[in-house]
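Take a look at the structure below.
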Amino acid sequence: MSILKSFIVFEGLDGAGTTTQIRNLARYYEFNNREYFITNEPTSNPIGELVRKVLRKQVVTTPEALALLYAADRNDHLYNPSYGIVRLIEEGKIVMSDRYFYSSIAYQSVECDSSLVKMINDFPSPEFLIFIDTPVEDCMKRIEKRGEEKELFDRAEFLTAVRNNYMKELSSLPNGVNLLVVDGRKSIEETEAEIRRYLSSFSL
Ligand code: TYD
C-alpha cells in the first residue's frame, strides 16, 4: 500500500464545508511561505468537465459509466505528464485535494457494486485524511441556502447512504493514513484551528 507523503485530502458530504476549510488552510500555508498546491475532484480537466455535465444532468449515463469517469479523472489528476499531482508531491510540495477516491467509495457504492468501485479506485493513499462530519440535515440546509439548481446527489436519503459508506471506509483505513474527523457543526474558525493544530503536530 503506497502512501503519498504531504498529501492532504478533505472529504465530507455535499455542503459539509470542505471547500471553505481547504481554502483557509491554503491561506495559512501561503502566509507561512510553504510550497503548496490546492486542487479538487472532479477536476476542471476534460474528463472532470464531463463528470460535471453528468452532475448537472446535461449528460445522462449509467452509474457504472459515471464511476469509471470519476476514476479516469482521478488517474489523470494523479499521473498526467504535464499537471499530475504525484510529481508535485515528489517535488516536495504540500498538496491538498478537496475530495479523492474516498468520495467514489462513498458515493458511487450507493448505486454500483462496491467491489467494482474499489477495484477501479486502486490509487495510492494520502498521508492525511480530514473528514468533516456534518449531519445530513445540516448539509441539506446549506445546499438549499446556496439556492443553486440541485445536482444529482443532493438528496437526503442518498446522502444518508453516502455517510454510512464513508463511516465504513474510515473504520478500515490502512496503516500510514492519518485520519482526523472534525465535527462540522462547529464554527468555521474552530474547525480551522483544529485542523491546523492536528497538521502542525506532524510539522505540516
Ligand atoms: P464537489 O465539486 O465537491 O461538490 P460541489 O459542486 O458542491 O463543490 O463534488 C461534486 C459532486 O461529485 C458531489 O456530489 C460529490 C460527487 N463525487 C462523487 O460522487 N464521486 C467522486 O469520486 C467525487 C470526487 C465526487
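Readers should treat all values here as calculations from the given coordinates under stated rules, not as data from a laboratory. Predicted, not measured: the structure shown is a model, and the values here were computed from it. Quick reminder, even Gly has a Cβ in these numbers, built from the backbone with ideal geometry, and neighbours come from all protein chains shown.
Would you work out the charge dipole size for the chain about its Cα centre, treating the Cβ of every Lys and Arg as +1 and the Cβ of every Asp and Glu as -1, and quote it to the nearest 20 debye?
So the magnitude is around 240 debye.
Just how large is the dipole of region 27-69 about the Cα centre, in debye to the nearest 20, putting +1 at every Lys and Arg Cβ and -1 at every Asp and Glu Cβ?
220 debye
Can you grab the distance from the C-alpha centre of region 86-104 to the C-alpha centre of region 120-165, Å, no decimals?
If we compute the Cα centre of each part, the gap is 19 Å.
Please identify every one of the trypsin sites (Lys or Arg not before Pro) in region 56-90 that sits in a loop by DSSP and has no more than 15 other beta carbons within 10 Å of its own beta carbon.
In loop regions of region 56-90 (DSSP not H, G, I, E or B), the sparsely surrounded trypsin sites (Lys or Arg not before Pro) are R56, K57.
What's the center-to-center distance, using Cα atoms, between region 1-65 and region 172-204 in Å?
17 Å
Helix-only estimate, please: 222 nm mean residue ellipticity of the chain, summing -39500 (n - 2.57) across DSSP H runs of length 4 or more and dividing by its residues, to the nearest 500. Intermediate results must be reported in sequence, preceding the final value.
Working: 9 runs with 103 residues, N = 204.
Here the helix-only value at 222 nm equals -15500 deg cm²/dmol.
How far apart, in nm, are the 7 Å Cα→Cβ label points at S115 and D138?
3.7 nm
On full extension of the chain, what length is gained from F31 through E194, given 0.36 nm per residue of separation minus the C-alpha to C-alpha distance?
Contour length minus Cα-Cα distance gives 56.9 nm.
For the chain, the longest stretch holding no GluC sites (Glu not before Pro) located in a DSSP loop with at most 10 other Cβ atoms within 10 Å is which?
Result, exposed sites excluded: 1-90.
Under 10 Å, Cα contacts only: if you run a Gaussian network model on the chain, which one of D122, D14, D73 comes out with the highest mean-square fluctuation?
D122
For the chain, with a Gaussian network of springs between Cα atoms less than 10 Å apart, report the residue from A156, A67, A106 with the top mean-square fluctuation.
Evaluated over the chain, the most mobile residue of the options is A156.
Taking the chain as a Gaussian network, where each spring joins two C-alpha atoms under 10 Å apart, which residue of L68, L129, L13 fluctuates the most?
Of L68, L129, L13, the Gaussian network model singles out L68 as fluctuating most.
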